[in-house]
Amino acid sequence: MAHHSLHHIVDLEHLFDAIDTALAADGYFVTQDIIGRNGHMRWPESLAVIDRIWRQLPVRFKYHHQLRRLEHEYENWDCSTEGFEGIRAQDILPLCVERFEFRRFLGWASLVEILIDRGFGPNFDPADPFDREILHQAQLLEDRLIDTGYLKPTAMAAVMAKRASEPSPGDPIVFRQRTPEFGLRPPDADPPPMPELDWQFPDPGTGLQARNFGLPRDRSVIEFDRPAAIKLTRAIGWHTPEPEVSGCWTKGGVATLLLDVTERPAGVLSLRFELSAYVPPSGAQEVSVLVNGIDAAQWSFTGRTDAEWTKEIAIDEQLREYGELLVEFRIAQPRIPGEDGTADIRAVGLFLRRVTIAPATARR
């Protein structure tokens, strides 16, 4: 059994030779792994489809939680530059076809894993029909494009036997006629012409998204002492709100909030944050604030941790073009209060009480 390990191996030929030598005549080599382009990059034809989808996605789906950045345009990131990640992924399936006999083969993935994996996956709310429909439509499109041969699977689960094993019981069991040979994609092949894409982007005004996401028209203040505020702003990277102290701590070094400003008046907006900060023994807590991926503020907190601060950021029309403001807090020194003699063993940084959204001319 090799479970998501082959794509870390440089000398696959030596490994497969060893597996073949060790495998009994009636034994099986079972694996599940990534078989797409090296470094888990997208092949050019897949990238062309993802770019088409990406242009239609609201900004809230484009924040990469591992790389801590907003990707207004999808970056075809090469993961093999660190830790042998996907170092020879594209060679796994061709070598298996050459050296083993398949008993079962399941080939899938090419588009949707980009949306649901650890980078962008946390942006999707499983309880929201709008979010689910985006993934559903993307999955339908992916299956159609793989079945026609335009895209090749980038993931597989397989059961294989030795070439010199007992006589084959027949063709391997496969999914949707996707044989191992069908899944091969020569690395130096030119991308095929893109077919007409039957891609239907969901209506964002339907389902739970319209009812529970964003600020109602008559609401400009969000209190962060209740779980409803976390859901309202799709907050990620926060501990459970604490009604008894009227606020919520960040968790670790990065936290985000999503603010819907589609119903806010035209012109410059003011975001006013009422908060505190956990000040480490070194004497200062530094916080960088980004709005829609753009540096918006640098805050420095000193003194007592229970001191209350008000910080304000002006948001111009250019940042509002998406109708959503993704606010990212990067805490320089998240710290566990328990290391300083208290009973709290959480890693904290900022303590947010409320956010006020108002026209800049009305700010106090």
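The values are calculated or read from the model by the stated rules, or taken from the named source; none is laboratory data. All values derive from a computational prediction rather than experimental measurement. Please note: Cβ atoms are built from the backbone with ideal geometry, for glycine as well, and neighbour counts cover all protein chains shown. Side chains are part of the model used for accessible areas, which takes the heavy atoms of the whole protein and leaves out ligands, DNA and RNA. Shrake-Rupley method; radii C 1.70, N 1.55, O 1.52, S 1.80 Å.
Filter the stretch 280-291 down to residues that are under 22 Å from A347 (Cβ atoms) and modelled with pLDDT of 95 or more and give me whichever is farthest from the chain's Cα centre (by Cα). Walk me through how you get there before you give the answer.
Initially, the stretch 280-291 is screened for residues under 22 Å from A347 (Cβ atoms), giving 280-290.
Remaining after also requiring modelled with pLDDT of 95 or more: 285-290.
Values: Q285: 28, E286: 26, V287: 23, S288: 21, V289: 20, L290: 18 Å.
Restricting to residues being under 22 Å from A347 (Cβ atoms) and modelled with pLDDT of 95 or more, the top hit is Q285.
Of the residues that make up the stretch 23-39, is at least one surrounded by 14 or more Cβ atoms within 10 Å (Cβ to Cβ) and part of a helix (DSSP H, G or I)?
Applying the first criterion (surrounded by 14 or more Cβ atoms within 10 Å (Cβ to Cβ)) to the stretch 23-39 yields 23, 28-39.
Adding the requirement that they be part of a helix (DSSP H, G or I) leaves 38-39.
Looking through the stretch 23-39, at least one residue is surrounded by 14 or more Cβ atoms within 10 Å (Cβ to Cβ) and part of a helix (DSSP H, G or I).
Can you find a residue in the stretch 96-107 that is open to solvent by less than 30 Å² (accessible area, probe 1.4 Å), in a helix (DSSP H, G or I) and modelled with pLDDT of 95 or more? Show your work before the answer.
Filtering the stretch 96-107 down to residues open to solvent by less than 30 Å² (accessible area, probe 1.4 Å) leaves 96-97, 100, 102, 105, 107.
From what's left, in a helix (DSSP H, G or I): 96-97.
Still in the running and modelled with pLDDT of 95 or more: 96-97.
Within the stretch 96-107 (the criterion being open to solvent by less than 30 Å² (accessible area, probe 1.4 Å), in a helix (DSSP H, G or I) and modelled with pLDDT of 95 or more), the answer is yes, since at least one residue qualifies.
On the given criteria, is T154 surrounded by fewer than 18 Cβ atoms within 10 Å (Cβ to Cβ) and in contact with a strand residue (DSSP E or B) (Cβ under 8 Å, 6 or more places away or on another chain)? Full working, then the answer.
Values: surrounded by fewer than 18 Cβ atoms within 10 Å (Cβ to Cβ): no; in contact with a strand residue (DSSP E or B) (Cβ under 8 Å, 6 or more places away or on another chain): yes.
No.
Considering every residue within the stretch 126-149, establish whether at least one is hydroxyl-bearing (S, T, Y) and crowded, with 18+ Cβ neighbours inside 10 Å. Step through it out loud before you land on a result.
Initial filter on the stretch 126-149 (hydroxyl-bearing (S, T, Y)): 148.
Still in the running and crowded, with 18+ Cβ neighbours inside 10 Å: none.
No, the stretch 126-149 contains no residue that is hydroxyl-bearing (S, T, Y) and crowded, with 18+ Cβ neighbours inside 10 Å.
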Response to the item:
Per the list (1) under 24 Å from the mean Cα position of the chain (by Cα); (2) touching a residue at least 24 places away in the same chain (Cβ under 8 Å); (3) open to solvent by 10 Å² or more (accessible area, probe 1.4 Å), residue check on E82 breaks on (2)
Practice prompt. Being modelled with pLDDT under 85, over 26 Å from the mean Cα position of the chain (by Cα) and open to solvent by 90 Å² or more (accessible area, probe 1.4 Å) is the filter here, so list the residues in the stretch 187-218 that pass it.
Written response: R217, D218
Response to the item:
Of (1) open to solvent by 60 Å² or more (accessible area, probe 1.4 Å); (2) of a type in the set (K, R); (3) modelled with pLDDT of 95 or more, R272 satisfies every one except (1)
Worksheet item: List, please: which pairs have Cβ atoms under 6 Å, are six or more places apart or on different chains, and start with a residue in the stretch 233-256 that is more than 20 Å from R69 (Cβ to Cβ) and end with one that is of a type in the set (A, V, I, L, M)?
Response: G247/L352; C248/L352; W249/V348
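Based on this model, can you work out whether V261 counts as open to solvent by less than 20 Å² (accessible area, probe 1.4 Å) and modelled with pLDDT under 90?
On the way: open to solvent by less than 20 Å² (accessible area, probe 1.4 Å): yes; modelled with pLDDT under 90: yes.
Criteria met by V261.
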Worksheet item: Just checking, how many residues over the stretch 151-165 are closer than 30 Å to L197 by Cα and in a loop (DSSP other than H, G, I, E, B)?
Response: 4
Fill in: Enumerated strands (runs of 3 or more DSSP E) restricted to the stretch 217-335, each holding at least 2 residues that are in contact with a Gly (Cβ under 6 Å, 6 or more places away or on another chain)
254-260
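If you take the residues of the stretch 316-352 that are β-branched (V, I, T) and touching a residue at least 12 places away in the same chain (Cβ under 8 Å), which of them is surrounded by the most Cβ atoms within 10 Å (Cβ to Cβ)? Quick ask: steps written out before the conclusion?
Let us first name the residues in the stretch 316-352 that are β-branched (V, I, T), namely 327, 331, 336, 342, 345, 348.
Keeping just the survivors that are touching a residue at least 12 places away in the same chain (Cβ under 8 Å) gives 327, 331, 336, 348.
Values: V327: 22, I331: 25, I336: 13, V348: 20.
Among those residues, the one meeting the criterion is I331.
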Item to complete: Hey, can you tell me all the residues within the stretch 44-77 that are open to solvent by 20 Å² or more (accessible area, probe 1.4 Å), assigned to a loop (DSSP other than H, G, I, E, B), at negative phi and in contact (Cβ under 8 Å) with a residue 40 or more places away in the chain?
Response: Q56, P58, H65, Q66, L67, H72, Y74
